[in-house]
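Contents: one structure, followed by commentary.
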Protein chains: 2
Amino acid sequence: MTERATEEKVAEAQTAALELAKADDEVRSAALHDIADAIEDAEARILEANEKDVAEGEEMLEAGEYSRALVDRLELSPSKLESIAEMVRSVAEQDDPLGRTLSARRLDEDLELYKVGVPIGVIGTVFESRPDALVQIAALSLKSGNAVILKGGSEASHSNRVLYEIIRDATADLDVPEGWAQLIEAREDVNTMLDMDDAIDLLMPRGSSEFVSYIQDNTQIPVLGHTEGICHVFVDREADLSMAEDVAFDAKVQYPAVCNAVETLLVHEAVAEDFLPEIVERYREADVTLRGDGATRQIVDLDPATDDDWDTEYGDLELSIKVVDSLATAIDHINTHGSKHTESILTEDSDRASTFMRSIDAASVFHNASTRFADGYRYGLGAEVGISTGKIHARGPVGLEGLTTYKYYLEGDGQLVATYSGESAKPYRHEEFAGEWVPGHLAEE
Amino acid sequence: MTERATEEKVAEAQTAALELAKADDEVRSAALHDIADAIEDAEARILEANEKDVAEGEEMLEAGEYSRALVDRLELSPSKLESIAEMVRSVAEQDDPLGRTLSARRLDEDLELYKVGVPIGVIGTVFESRPDALVQIAALSLKSGNAVILKGGSEASHSNRVLYEIIRDATADLDVPEGWAQLIEAREDVNTMLDMDDAIDLLMPRGSSEFVSYIQDNTQIPVLGHTEGICHVFVDREADLSMAEDVAFDAKVQYPAVCNAVETLLVHEAVAEDFLPEIVERYREADVTLRGDGATRQIVDLDPATDDDWDTEYGDLELSIKVVDSLATAIDHINTHGSKHTESILTEDSDRASTFMRSIDAASVFHNASTRFADGYRYGLGAEVGISTGKIHARGPVGLEGLTTYKYYLEGDGQLVATYSGESAKPYRHEEFAGEWVPGHLAEE
C-alpha cells in the first residue's frame, strides 16, 4: 500500500474519532452486539480464510520459518469463534468508561468545573498473530469511544482481513461513524503510522521485545506497552515453604511463554537449604532448565548462572536461581534487574511483605500469589489491550479505563479573570461537590 | 558540567526516588514547612543573589538581548519571597496525593487486588526564568513523593542556585532522602538528560513553543506540556452580547502574554453586525492589533487576516477575528486550528453549549467563561507544574495528582493460576469492595 493510502486511513479515523466521542453507550454497546452476531453468522467465511493462514503457516513450519506453537495459535475453530463472540458481548456489557464526572468543584458561585471521562481519540495498535487479538482490540476501542488503526501479524492476514470486514460491515448501518476502525497490512505502513504524531494519540504495540523497542525508538507518539517481562518470585525467610513451592512452580511452569511468567527465583539464605532441593526436583520433573549462582550451587547441583541470566527473559522452561542474604538484597536485585512488570514475595510476615511491596518499583507487586495473575481478564478489567511497564497514563494490564482520558468542562455565567485578580481580587471558593456535569444548566436557571 | 556529572546527579535522584516513595505524608509536609521557614530566614542571601541576576539582566536589556518584561519577571522582593514561602506551605497542606486506594477488587476468596496511588519516580523539569518556578516545582515534586531534576533559565542562575541550596540544606537533616532534588545549569546538560530514558520517568518542559518542540523531538522519555496555546472564544448566535463582550475582552486583554489568552475570536454571522463594532472599539481602546476575515471586514474596518493568522499564537495584544455561518463551522475551525488547550463558547442555549463542549477536542472547554480561567491555581489544584495539551496521563493544568501514578497490589494466600485455568477452572469472583490496602492482612488472619 502507498504511504498516501495509509495517511488517508488515519485521517478517516481522525474524523470518525471526533464523532464517536459523542456516541452514547447504548449506540456503542448495540454495535458490539451486532458485531458478535455477525461473527457467528459468518463462521464458514471466517474459517475458510483461517484455513488459508494455517495452510501457509504449515508450509512455513516445514521450511523451518515458523514454530509449531505459532501455527497452533493461528488456528480458529467453531468453539473458538463462539468464545470470541462471547468476549465481544462481555465487552459490550461492561460499565460505560465514558461520560463519568470524575470530580466537580465550585470555583465560585455559578462557576463550576467538571472533570469528565472522554475517549483518547485515535489509537494505533500493532499485535501478534492470534486472530482473536484483532477482535478484542477493536471491541475495546469501540466500547471506549476510540477510533483504531489495526495492524495484525502477517501470518494471520487472511483471517484478519475477513474479521475486519465483518466488523466494519456490521457497524456500517448504525450510528457509529464510518471509518472508526481501519486495517493496515504491510510492515512499511507501520512506519507511515509512526510519523503521524499529529493524528494518532497513542500507540499500543504488542509483540517481541525487539519490535516494541523499535516502535518506541522511532516515533514521537506516546507508546503504551512493554518490551520485557523479567519477573521475580522471592521466597522470604518467613515463607510458608509448601506454599512457596507451589507458587514458584505455577509462576514458571503453568505457561512459560508469557510475559508474567517468572524468570528468576530469589531465595532467602535462611531457608535455601530446606527449600531448594524440593523445588529443583519439581522443576526438573517439568523439564525446566535451571541455572544458579554460587550459593545456590553449594546446595543443589546446577549449571552456573552468568551475569546475563539476571537480565534475560527466557520466555520458556528456563529459570535462574539466586540465594540472597536479606530482604534488602532481594529488593535491590529486583529494582536493578526487573522490568517493572510483576514481582511477588512469599512470606508470612506482613511487615516484610509491606516493605517489599512499597519498595519494589513495578506495575504489579504481589504477596503470596503467582506472578501469572497479572492479566487484564484475571484482574477483572474485562479484557486487556496490553500490559504497560511504563509509569505514565496506565500501568499494568490496560483495559477500557486505560483507553480513556478526561476533559475539563467549566460552566459559568460570564465570569472574567479580571474579577479574581489584582488588589481587590474576589477570592475563589474551590468547594468540591457531588454532581454530574449537565451541559448549560446554569444558563437555564 | 561534564556529561558524567549530570548522569551522576540523575542516578542519585533515582536512588532517592525509591526511598522517597516510602516517606509518609507527615515527613514530606514537615520538610515543606522547613523549606518555607528556610526561605524566609535566608531573605538577605536570596535577594543578594537575585540582584546579580537583575543587574546582568539590565545589561542584557541595554544590549537589546532581553525584554523589559523578562527583567521585571526576574526580580524578587521581600513581599514576593513571603508569598513564595506561603505557596510552599499551601502545597504542604494539600491532601496527600499518595497511598490512596483507588479501587479494591476481590478476585476470589482471600485474593484481593488493590490499585494504590504512588509517585512516578524521577521527574525532569525545565522551566522559564522566574525564580519562583524552581521553588514551586520542587515543592510539588516533594509533596507528591517524586525526585526532581531542576533546570531553570540561565537568566535566573544566581537566584536559582541559592534557592536550590536552601531547599537542599533545609531537608538534609530530615527523613527525606538526600539527593531528591538536583540542580543542573547548562543547556548541554539538558541534552544529557534527554538521553536518560532508563532513569527519568517523565519530562515537564515549560518555555517557548520551539523549545518544548525540541524536547519532544529529541527524547524517548514521556513529555508532558504544551507547545502552543491557540485558544478561541466563539460568540454564538444565542449569546448574551453584553456578557460576550466582557468575556472576549478579558480573554485577550487581562494578560495577553500567557498560553490561555484568546488568539482568534469567532463570531456567528447572525450576531456579527450587532457585536463586532462594539468589541472592536473596546479592543482598540486597549491597543489590541486586530485582523479580520472578509466577512468581518464588511462590518468593521480592519486589516485582512491571512491563513497563517488562524494558526498563530500571538502572545501579545493581537487578535484575529472570523465570522462563521454556523456552530458546526465554529467547531470545525477550532478542531482544525486550535492547539487542544482551552476553548470557550458564549451562548444562552444549553443544547448548543452541549454540542460545542462534547465536539471540541481540547483539554478545557468552557461555557460562558473566559479562557483565562485555565490554570492550576484557579482550578483549585493548589499549584501547577505545567499545562498539558496531550491526551495521555494528565490533561490541562497539571497539579499534584498529575505527578502520581498507581501500582497494583495483590494479596493472596498462595493462589496459583493453574487453579483458575483449564477444563475444571475455578471461576473468578471479581467483586468490587470498599477497603484500603493493609499490607499482609490476609497472612495475619
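The rule of thumb for compact globular proteins, 2.2 N^0.38 Å, goes into the C-alpha radius of gyration of the stretch B:288-332 1.16 times. Taking 0.36 nm per residue of separation and subtracting the Cα-Cα distance, full extension of the segment from A:Ala44 to A:Ser90 would add 14.2 nm.
When A:Phe211, B:Phe433 are ordered from fewest to most other Cβ atoms inside 10 Å of their Cβ, what list results? Please list the in-between numbers first.
On the way: A:Phe211 16, B:Phe433 9.
Starting with the residue having the fewest Cβ neighbours, the order is B:Phe433, A:Phe211.
In this rough spin-label picture, where each label sits 7 Å from Cα along the Cβ direction, the B:Asp169-B:Lys426 distance is 6.0 nm. Only Lys, Arg, Asp and Glu carry charge here, each on its Cβ (+1 for the first two, -1 for the last two); on that basis chain B has a dipole of about 740 debye about its Cα centre. The Cα atoms of chain B cover 79, 67, 36 Å along the three principal axes, with the biggest extent listed first.
Ordering B:Leu266, B:Leu381, B:Gln415 by the projection of their Cα atoms onto the charge dipole of chain B, which places +1 on the Cβ of Lys and Arg and -1 on the Cβ of Asp and Glu, puts B:Gln415 at the extreme positive end. Annotation: lysines with alpha-carbon distance below 16 angstrom to A:Lys80 (same-chain offsets under eight excluded): none found.
Can you compute the charge dipole magnitude of the stretch B:151-191 about its Cα centre, using +1 on each Lys and Arg Cβ and -1 on each Asp and Glu Cβ, nothing else charged? Give it in debye, rounded to the nearest 20. Don't skip to the answer; put the middle values down first.
Numbers: 4 positive and 9 negative charges, 37 e Å.
Its charge dipole is roughly 180 debye.
Averaged over A:150-158, how many beta carbons belonging to a partner chain fall within 10 Å of each residue's beta carbon?
Values: counts 0, 0, 0, 0, 0, 0, 0, 0, 0.
Other-chain Cβ atoms within 10 Å of each residue's Cβ, averaged: 0.
With Cα atoms defining each centre, the stretch A:43-95 and the stretch A:392-433 are spaced 46 Å apart in the structure. The residue among A:Ile279, A:Val233, A:Asn191 whose Cα reaches farthest toward the positive pole of the charge dipole of the stretch A:189-326, with charges on the beta-carbon of Lys, Arg, Asp and Glu, is A:Ile279. Radius of gyration over Kirkwood radius for the stretch A:86-153, both on Cα atoms: the Rg/Rh ratio is 1.18. Under the simplified labelling scheme, the A:Ala186-B:Glu3 pair shows an inter-label distance of 3.8 nm, with each label point 7 Å from Cα along Cα→Cβ. In summary, the protein assembly as shown shows an alpha-carbon radius of gyration equal to 0.99 times the 2.2 N^0.38 Å reference for compact globular proteins.
Distance cut-off 23 Å, Cα to Cα: go down the list B:Lys151/B:Lys391; A:Lys391/B:Lys9; A:Lys9/A:Lys115 and report the pairs above it.
Values: B:Lys151/B:Lys391 25 Å; A:Lys391/B:Lys9 21 Å; A:Lys9/A:Lys115 31 Å.
Exceeds cut-off: B:Lys151/B:Lys391; A:Lys9/A:Lys115.
Please find the FRET efficiency linking B:His441 to B:Ala55, where r is the Cβ-Cβ separation and R0 is fixed at 51 Å, and quote it to the nearest 0.05. Computed FRET efficiency for B:His441 and B:Ala55: 0.25. Taking the helices alone, the protein assembly as shown has a mean residue ellipticity at 222 nm of -12500 deg cm²/dmol, built from -39,500 (n - 2.57) per DSSP H run of at least 4 residues and averaged over all its residues.
Quick one: if you take sqrt(5λ) for each eigenvalue of the C-alpha gyration tensor of the stretch B:231-381, what semi-axes come out, biggest first, whole angstrom? The partial results should precede the final answer.
Details: eigenvalues 83, 63, 43 Å².
Gyration-tensor ellipsoid for the stretch B:231-381: 20, 18, 15 Å.
Based on Cα contacts under 8 Å between residues 6+ apart, the stretch B:231-381 shows a relative contact order of 32 percent. Across the stretch B:360-380, the residues whose backbone nitrogen lies under 15 Å from the label position 7 Å along the beta-carbon direction of B:Ser83 are B:377-378.
Derived scalar couplings between HN and Hα for the stretch A:20-29 equal 4, 4, 9, 6, 5, 4, 4, 5, 5, 6 Hz in order, rounded to whole Hz, by the Karplus curve 6.51 cos²θ - 1.76 cosθ + 1.60 (θ = phi - 60°), x for Gly and Pro.
Would you mind telling me the antiparallel percentage of the DSSP bridges in chain A, rounded to 5? Mind dumping the intermediate values first?
On the way: 19 of 56 bridges.
Antiparallel bridges: around 35 percent, rounded to the nearest 5.
Counting Lys and Arg as +1 and Asp and Glu as -1, each charge on the Cβ, what is the dipole of the protein assembly as shown about the Cα centre in debye, to the nearest 20? Intermediate values should be presented prior to the final figure.
Details: 76 positive and 184 negative charges, 54 e Å.
About 260 debye.
Distance between the pseudo-spin-label points of A:Thr306 and B:Asp307 (7 Å out from Cα toward the beta carbon): 6.0 nm. Rg then Dmax, both in Å and based on the Cα atoms of the stretch B:1-152: 19.8, 74.
Only the coordinates and a few stated rules stand behind these numbers; no lab work does. Please read these numbers as outputs of a predicted model, since none were measured by experiment. Every residue, glycine among them, receives a Cβ derived from its backbone with ideal geometry; neighbour counts consider all protein chains shown.
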